[in-house]
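Below is one structure; the comments refer to it alone.
Values in this text are rule-based calculations from the coordinates and carry no lab data. Keep in mind that what you see is a predicted model, and the values were worked out from it rather than measured.
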Amino acid sequence: MEEYKKAATLENEIESQVLDFMLSERNIPHIITSYYDTAYDGLYQTQKGWGYISAPEAYVKEIQEIISSLREESNLPDTVW
C-alpha cells in the first residue's frame, strides 16, 4: 500500500463531501479525516479547520489544484497547504 500524505486542510463538511465526490469520480485514491472529537466537542475543528484530506504523493498536487478551483468557484479562501 502506498504511503498517504496530507494534501490539504478542509474548511467544512460540505467541502469535504463535494471533494470526495469529485475525487471518487476521477478514481483518485484519498482519505478524508475529520478533526471532530466528541471528548472535546469539536474544539479542534475551530482551531485546525474541519479536517484534512490525504492521498498518495503522486496525487497531492492534482488534489490541491481541484480544491483551489473549488474554493475559487465558491469564494472560499485558499488555505496554505
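For residue 61, go through the lysines and keep the ones whose alpha-carbon is under 20 Å away, minus same-chain ones fewer than eight residues off.
5, 6
Around residue 7, which amide H atoms from residues at least 5 apart in sequence, or from another chain, sit under 5 Å from its own amide H, with H modelled in the peptide plane?
Amide H neighbours of residue 7, under 5 Å, 5+ apart: 53, 54, 55.
Where the eigenvalues come from the Cα gyration tensor of the range 4-74, what are the semi-axes √(5λ) of the equivalent ellipsoid, largest first, in whole Å? Could you put the intermediate results ahead of the total?
Details: eigenvalues 91, 35, 21 Å².
Equivalent-ellipsoid dimensions as semi-axes: 21, 13, 10 Å.
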